[in-house]
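Read-outs throughout are calculated quantities, based only on the coordinates presented, and are distinct from any laboratory measurement. As the structure is a computational prediction, the values presented were derived from the model and not from experiment. All Cβ positions, glycine included, derive from the backbone under ideal geometry; neighbour counts span all protein chains shown.
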Amino acid sequence: MYKIFDIHTHTCPERIADKAAENLGHFYNFHVERTGTVSDLMSNCRDAGISGFLLLGVATNAHQVRHVNEGIAHDMAVGRSAGFEVHGFAAMHQDTVDFASELDHALSLGLCGVKLHPDIQGADIDDERWYPLYALLEAKRLPLYLHMGDDRPQYRFSEPRKLAAILNMFPKLTVVAAHFGGYRSWEEAIRYLRGRDNVWFDTSSALWAMTPEYARYLIDKFGCERLMFGTDYPVVSADDELKRFFAVSMTEDERRRILYDNAVRFLKLP
């Protein structure tokens, strides 16, 4: 039996969850399997044997930021009261006027990092509007979680080469490059992100788009010590994602690290 932490999840209030899932499915042209509410996330985790999860915020405009972050804090409290190990990363938007104030507010809510989704937000990760935020995170030693990659030419906001340029500018910034470093841009991720000590990776929204053999290849390229298991809930159901994960050839030590131990190190948990 493995202890499991889901490093990549999203939730929405019940009143907008159905619409949010529908919009996400339209954006990526795939079926979103779950409802996106915190109650459904907890049910999904219980069924799959997952003991904790990281909630990641996304804001599609600057006015949403504080509301989204307060929603994450609320869902964190709900999850913890139900016995789950829950943490949250704040949403930010490129048009935010005062990153410092919004970051301080997020930290006061108990959030411990920042999540950006450049494609949905419509801003390149190397857009200069983000630079003050990156500098703040670097100074405060807070991690940045990034959606990475897309093979559609109109959605090249989060190319691995752009992240490499940012990391050269902010060398002490800790980043999680989601989706094995770049959704459907994995060879580019290997080229630009491999071997960087301040870059972590997750498995979310990737295993269903590759063979188990290619997943093994990516683990060998990036190393298992900085790779974390994630579902990208509500995109996929955790039990299905775990079946895909266990189809990849790994040692017992690698499985333990990816499923739980690396998340503990990344989040600096007891």
Exercise. Output ³J(HN,Hα) for the range 84-89: one whole-Hz value per residue in order, computed from phi by the Karplus curve 6.51 cos²θ - 1.76 cosθ + 1.60 with θ = phi - 60°, and x for Gly and Pro.
Key: 8, 8, 10, 9, x, 10
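How would I219, I16 line up from fewest to most surrounding beta-carbon atoms within 10 angstrom?
Ranked by crowding around the Cβ, least crowded first: I16, I219.
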Quiz item: Each residue of the range 163-176 in order: what ³J(HN,Hα) in whole Hz does its phi give by Karplus 6.51 cos²θ - 1.76 cosθ + 1.60, θ = phi - 60°, with x for Gly and Pro?
Solution: 5, 4, 5, 5, 5, 6, 7, 10, x, 9, 7, 8, 10, 9
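For the pairs K115/K243; K172/K268; K243/K268; K140/K162, note any where the Cα-Cα span goes beyond 25 Å. Don't skip to the end; give the middle numbers.
Values: K115/K243 27 Å; K172/K268 17 Å; K243/K268 28 Å; K140/K162 23 Å.
Checking Cα-Cα distances, K115/K243; K243/K268 exceed 25 Å.
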Quiz item: the range 188-241 to the range 1-35: how many Å between their Cα centroids?
Solution: 18 Å
Quiz prompt | Under 5 Å, built H, 5+ apart or other chain: amide partners of V86 | solution = F53
Practice problem: Show the residues, 5+ positions off or on another chain, whose built amide H is closer than 5 Å to the amide H of W200. | Solution: V175, V176, A177
Self-check item: Amide H contacts of H8 (H built 1.01 Å from N, under 5 Å, at least 5 apart or other chain)
Solution: L54, T231, D232
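What order do you get for D202, D95, D261, D197 when you list them from fewest to most C-beta neighbours inside 10 Å?
Values: D202 29, D95 13, D261 17, D197 8.
Least crowded to most crowded, the residues run D197, D95, D261, D202.
What's the long-distance tail for the range 5-267, i.e. % of Cα pairs beyond 23 Å?
Details: 16253 of 34453 pairs.
I get 47 percent for the Cα pairs in the range 5-267 exceeding 23 Å.
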Self-check item: 3J(HN,Hα) from dihedral phi, the range 121-130, Karplus parametrisation 6.51/-1.76/1.60, rounded to Hz, x for glycine, proline
Solution: 7, x, 9, 4, 5, 9, 5, 4, 5, 7
Quiz item: Which of Y134, Y145 comes first, and how do the rest follow, when ranked by fewest Cβ neighbours within 10 Å?
Solution: Y134, Y145
Exercise. Provide, in order from the shortest bin, the percent of all Cα-Cα pairs of the range 37-142 in each 10 Å bin, continuing until the bin that contains the maximum pair distance.
Key: 15, 45, 28, 12, 0
